[in-house]
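Bear in mind these aren't lab numbers, they're just calculated from the coordinates by the rules spelled out. In this text, all values refer to a predicted model and were calculated from it rather than measured experimentally. Heads up, the Cβs are rebuilt from the backbone with ideal geometry, glycines too, and the neighbour counts pull from every protein chain shown.
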Ligand SMILES: C[S@@+](CC[C@H](N)C(=O)[O-])C[C@H]1O[C@@H](n2cnc3c(N)ncnc32)[C@H](O)[C@@H]1O
């Protein structure tokens, strides 16, 4: 894990997403946000659509619930976790029955008992998290044996710089003053090593085109899909 002089700060991240929440869906739609679609498709490589009906899903960094809704629409029960109460508020406007838990994943602890979920996903969350090892261990802990853990990460410094440029522009638009911010890249090998230590067996690693904001170009994510063994 690299240490940054200006690492992501949960207080600022929460403030930014709280401010951004009313127009988040509109913006990411404009950027052709494909992250949730990629994660959902990768989960369907492990489980058929019918089995999703009986599943309990943890969506970490659920935001306004774009990925949550894909599971809800397949009949799963979803619990949504996020640091931003206003992003979760937007989720509840559309899905008032989804349990939401406001929590800071930077703190390295998911507020759930162990072995609770058939599927645990995190789409677009890891770039805000310093300690990927800790978060992977938590994703594994809350997932039942035979269940799926799937998430996206940023890998290269070049991608981080693109995302930071985007976020800086967004900060000046959604917040009255510019807040310091820096997203995090996580190396594939370090993700795989963490996953191996915590009982996650790799099914899929791929590079996926996540979004294409005007003036920034295509942002590519690493997508991981594991089975808890
Ligand atoms: C890029 S958005 C992705 C939202 C959603 N998963 C999607 O695909 O549209 C990142 C989300 O992670 C949440 N987040 C960022 N840092 C967090 C933290 N430390 N703990 C929990 N959630 C966090 C943000 O509030 C935001 O809702």
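Scan the range 112-135 residue by residue and report those that are more than 11 Å from the ligand (Cβ to nearest atom) and on the phi < 0 side of the Ramachandran plot.
Our first condition is that a residue be more than 11 Å from the ligand (Cβ to nearest atom); within the range 112-135, this holds for 112-120, 132-134.
Those that are more than 11 Å from the ligand (Cβ to nearest atom) and on the phi < 0 side of the Ramachandran plot: 112, 113, 114, 116, 117, 118, 119, 120, 132, 133, 134.
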Return the residues of the range 136-148 that are touching a strand residue (DSSP E or B) at 6+ places or on another chain (Cβ under 8 Å), away from the ligand (no atom under 15 Å from the Cβ) and on the phi < 0 side of the Ramachandran plot; say none if nothing qualifies. 140, 143, 144, 145, 147, 148
Here is a list: 136, 101, 119. Which entry is within 16 Å of the chain's Cα centre (by Cα), outside any loop (DSSP other than H, G, I, E, B) and surrounded by fewer than 16 Cβ atoms within 10 Å (Cβ to Cβ)? 101
Whichever residue in the range 62-88 is assigned to a helix (DSSP H, G or I) and in contact (Cβ under 8 Å) with a residue 60 or more places away in the chain and, among such residues, is surrounded by the most Cβ atoms within 10 Å (Cβ to Cβ): 87
Has the range 51-61 got at least one residue that is part of a helix (DSSP H, G or I), over 23 Å from residue 220 (Cα atoms) and within 12 Å of the ligand (Cβ to nearest atom)? no
